[in-house]
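**Student:** Have a look at this one.
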Amino acid sequence: MMNNPRILIAAPASGSGKTMVTCGLLRALQRRGLVPASFKCGPDYIDPMFHTKVLGTHSRNLDTFFTDEEMTKYLFLKNSEGADISVMEGVMGYYDGLGGVSVTASAYDLSRATRTPSVLLVDARGSSVSILAVVKGFLTYREDSLIKGVILNRMSGMLYPRIRKLIEEELGIKVYGYVEKLTDFTLESRHLGLVMPDEVADLGRKLDGLAVQLEKTLDIDGLIELAGSTVPISSHIEKTWMGKRDGTRIGVARDEAFCFMYEDNLELLKELGAELAEFSPLYDERLPEGISGLILYGGYPELFAGKLSANTAMRERIRDAAAAGMPCMAECGGFMYLHDIMEDMDGNEYPMAGVVRGKAYRTDKLGRFGYIELSPMNSQMLGMDVGTIKAHEFHYFDSTACGDAFLAKKPLQDRSWRCIQGGSSLIAGFPHLYYYSNPEAAGRFVEACRRYKKDKEAGGRNG
């Protein structure tokens with residue numbers, strides 16, 4: 001069993017300042033000479049990008065819908081190894097989980113699964129004694145709430161000592177400080193959530209300033225002590241998916257337009273024996289040398305539609321590779337890029353890769369949102385007929401060619417639909433897949449790439 005010091009920053013609701021406080025705390029821990037690891041509860045891509053900007057190392061997602069308790073603990077232990085302290089950022093309200101009617105897959109559920117003490121970040125703007133009612137409700141809603149402390153956000157420094165005294169005396173829980181209303185560090189939003197870290201002007205300076213401010217008003221030493229009080233945990237996972245490296249290379253699109261990817265997905269592909277070669281559909285004219293598979297993850301291609309379309313050389317390379325039977329997986333923004341035509345945010349149409357015969361177009365509403373379980377409808381799709389794969393969707397764009405290769409089912413609801421373009425060498429659709437929910441499915445993709453490589457080499461020898 002490993003003792004990994006850890007805390008989880010939770011809140012009563014979205015918009016309470018979790019990302020801001022998590023980033024500031026991570027930088028403050030670094031300033032003390034510690035090596036933190038960071039995690040995001042749930043499927044979000046953008047919050048971990050901010051963590052990554054702070055730390056210079058990749059943040060990871062932990063999600064108790066995507067993975068069961070043992071796999072969740074395995075991923076935490078694997079990715080916190082060598083860290084002095086781990087900081088997890090919660091999702092939505094602390095108890096908000098599947099379908100809005102369950103605590104499953106909530107921040108509380110992650111805290112419970114990993115035995116992590118939670119600190120409740122309460123937005124104190126416009127209230128005083130009523131804060132106690134909010135805190136008491138969260139403490140008592142579950143007997144094992146695992147809430148071990150409170151931080152008050154947007155709190156007056158003048159009022160704080162009195163409110164802190166009330167909370168600690170009446171509720172018996174420690175208050176680890178407060179955060180004044182900060183104007184120099186605000187995170188703007190767009191249609192899919194927060195803006196990207198690279199879009200925040202002078203982010204490094206702002207993060208340093210945020211850390212300095214938190215060092216003045218938060219009990220950082222107390223939070224470190226709380227993290228160190230955690231009980232050791234272990235995971236009983238047999239890694240049956242490990243593969244042999246044989247030179248199978250997979251090209252992974254990665255740039256400003258295609259940046260929504262789970263680092264653990266990439267790590268699993270490597271564990272399965274694949275070598276990964278990144279390329280940019282925005283800037284590169286050629287695919288990486290020697291690849292036998294392609295992956296295009298999501299992002300904001302609609303913001304770069306003109307530039308993506310203007311790179312005709314890359315569009316042609318991808319179209320030719322797909323036509324030659326190279327295995328290809330594409331998710332959401334990557335799926336949109338594979339279409340004949342894609343609209344930008346203003347409704348302008350641009351030619352794209354032409355792998356998927358249809359048009360990706362904008363809508364005025366959220367098309368799909370939330371977790372799904374995907375079941376393949378036949379065995380032809382890269383051999384991925386190995387049970388369900390867990391995924392999530394979050395997109396305002398739609399397609400004239402969504403596909404019907406998989407059945408998507410909403411958990412805890414009687415709703416299902418067909419989706420995803422699928423074939424012997426292609427899986428492309430709006431859902432974002434989480435590979436550790438079914439490592440064998442990811443293994444089938446790597447195996448398809450391996451077969452393509454061998455067939456190509458054999459063809460070259462015979463020629």
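**Student:** Take each of the peptides 102-112, 164-174, average the number of other beta-carbon atoms within 10 Å over its residues, and list them starting from the highest.
**Tutor:** 102-112, 164-174
**Student:** For segment 6-228, what Kirkwood radius comes out of the mean inverse Cα-Cα distance, in Å?
**Tutor:** It is 17.4 Å.
**Student:** Now for a separate question. Are there chymotrypsin sites (Phe, Trp or Tyr not before Pro) in segment 298-360 that DSSP marks as loop and that have at most 14 other Cβ atoms within 10 Å, and which are they?
**Tutor:** none
**Student:** Moving on to the next point. Take the eigenvalues of the Cα gyration tensor for segment 229-340, scale each by 5, and report the square roots as semi-axes in whole Å, largest first.
**Tutor:** Equivalent ellipsoid semi-axes, largest first: 30, 18, 11 Å.
**Student:** Calculate the spin-label point distance for Lys165 paired with Arg357, positioning each point 7 Å from the Cα along the beta-carbon direction, and give it in nanometres.
**Tutor:** In this crude spin-label approximation the distance works out to 7.7 nm.
**Student:** Here's something else I'd like to know. Taking 60 Å as R0, compute the FRET efficiency from the Cβ-Cβ separation of Lys78 and Ser128 and round it to 0.05.
**Tutor:** 0.85
**Student:** Then there is this: Mind giving me the nanometre distance, one decimal, between the label points for Arg115 and Asp198, set 7 Å out from Cα along Cα→Cβ?
**Tutor:** Label at Arg115, label at Asp198, 4.1 nm between them.
**Student:** With each pseudo-label sitting 7 Å past Cα toward Cβ, what's the Glu275-Ser102 distance in nm, one decimal?
**Tutor:** My value for the distance between the label points is 4.3 nm.
**Student:** Once amide H atoms are built 1.01 Å from N in the peptide plane, which residues 5 or more positions from Leu272, or in another chain, come under 5 Å H to H?
**Tutor:** Those lying under 5 Å, H to H, from Leu272 are Gly243.
**Student:** From the Cα gyration tensor of the chain, with a ≥ b ≥ c the square roots of its eigenvalues, which class applies: rounded if a/c is under 1.5, or else prolate if a/b is larger than b/c, or else oblate?
**Tutor:** Verdict is prolate for the chain.
**Student:** How far, in nm, would the chain grow between Arg31 and Arg451 when pulled straight, counting 0.36 nm per residue and subtracting the alpha carbon separation?
**Tutor:** In short, 146.3 nm is gained.
**Student:** Near the amide H of Lys40, under 5 Å away, which other amide H atoms are found, from residues 5 or more places off or on another chain, if H is placed in the peptide plane?
**Tutor:** Result for Lys40 returns Arg60, Asn61, Leu62, Glu89.
**Student:** Let me ask something additional. Any idea what the dipole of the chain comes to, in debye rounded to 20, about its Cα centre with Lys/Arg Cβ at +1 and Asp/Glu Cβ at -1?
**Tutor:** 360 debye
**Student:** Shifting gears a bit: Return the long-range amide H neighbours of Ile147 (sequence gap of 5 or more, or a different chain), with a cut-off of under 5 Å between placed amide H atoms.
**Tutor:** Amide H neighbours of Ile147: Ser118.
**Student:** Quick check: the angle from helix 160-171's long axis to the longest principal axis of the chain, C-alpha only, nearest 10 degrees?
**Tutor:** It is inclined by approximately 90 degrees.
Values quoted throughout were computed directly from the atomic coordinates according to the rules given, and no laboratory measurement underlies them. What you see is a predicted model; the values in this text were computed from it and never measured. Neighbour counts run over all protein chains shown; Cβ positions are idealised from the backbone, glycine included.
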